[in-house]
Amino acid sequence: YRARGTNSPGGGWGPWGYLETWEGNFEAQNGGKTGTYSSTYPLPQTEVDGAVAVSPVADVWATKTATPTTLNAGDTVTFTIQFGNYGSLAAENVVLTDSLPSGLINPTFVGYWTSNGLTVTHQPGTTFTWNLPNLDWLEWGIITVTAEVDPSYAWTGQDTITNTVGISTDSIEQYQITELSNTDDAVLTVETPDLSIAKTVIPTGTVGHGDWVTFTITYSNAGAVTAYDVVITDTIPLSLTNAYTSSIGAVITSTGSVNYVWEVADLAPGAGGMIT
C-alpha cells in the first residue's frame, strides 16, 4: 500500500486503499455508526502508529539557482545550492561537486547552513568539492558560492552558460515512486558588447606617386548591450599624405601626421558608422 494522510481525529497517515467497502466486523465500532459508505458515514480508516522500513534506501537530491540570471562582463553572480536526503536510509559518504564553466572566474565559497548542524568540509578551487557527513532522512542544507563574469573572456554578445551541481553517496539509492535528481543546472545569460571593425581601400591595384587612395572604415556593435567610450585608432604609413575626413566628427587626437584617434563615445546595440 502507498501511504497517505488520514483525516481521522488521530491524524497521521495510513495505507491507501486498505479498506474500500464496509464489512460486518466494523459495524457499530466507530461511535455507533453503521450503514453504507457516504459523506456522513465514511469508511473506517487505519492509522499507523509506527513503521519499519523493510528495504531502506537513500535518496539524495541537489538543486542550484543563480542570482541574477542575466549579467554583464565583470558582474558577480551568487549560486545557491540546496541538498538533502529524502530516503528512509541514511546516505553515507555524501559528496557535492560544483564545476564552474569557462567564463566565470574568482569562485568564492561564501558559507553553508544545515538543518541539524552538520559540518560541510569544502575544498576551494575552480571545481568545488564538499564532503558531508551521513545525511539522515529529511536532513538538508544550503551552500552559497559566488563567481565573477570574466571581462577578458571571448564573449560574443549574448551567451548562455550552464553551471551544474551534483551529489553522490555510497549508499544504494531508490525511491518507492520517483527517484529524485542528483544533478541540477543553473543557466546564466551573459550580455556584452560585440564590436567589429573593417577597413577597405580603393583602388586595390597598383598606384603611382601622386595618386589618391580612399580608405573606408566601418564599425558596429552587434552585442546585446551598449559599448561605452568606444575609441577607433588608425595609423597610416609614412608614405601616404595626411588627407583624412570623417563622417562622425573631427579627429580628437593626432600624433604627427599619420596617427588618428576618433572618439565614438557610446555605441548602442546594433549601432555603427563609417569613416573615410
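Read the figures in this text as sums done on the coordinates, not as results from a lab. From a predicted model like this one, the values you see are computed outputs, not experimental measurements. Please note: Cβ atoms are built from the backbone with ideal geometry, for glycine as well, and neighbour counts cover all protein chains shown.
Label-to-label distance for S152 and S8 is 7.0 nm, based on points extended 7 Å past Cα in the beta-carbon direction. In this simple spin-label model, placing a label point 7 Å from the Cα along the Cα-to-Cβ direction at both T276 and T200 gives a separation of 1.2 nm.
The Rg/Rh ratio of the stretch 128-179, with both radii computed over alpha carbons and Rh defined as the Kirkwood radius, is 1.12.
Each part gets one Cα centre, and for the stretch 129-175 versus the stretch 48-112 those centres are 5 Å apart. Label sites at T121 and Q174, each approximated as a point 7 angstrom past Cα along Cα to Cβ, lie 3.1 nm apart. Relative to the globular-protein estimate of 2.2 N^0.38 Å, the Cα radius of gyration of the stretch 165-221 stands at 2.96. The fraction of Cα-Cα pairs per 5 angstrom bin, counted from 0 for the stretch 63-130, comes to 3, 12, 23, 25, 16, 10, 6, 3, 1 percent, rounded to whole percents. Take the Cβ atoms of E263 and T67, set R0 to 25 Å, and the FRET efficiency comes out at 0.10.
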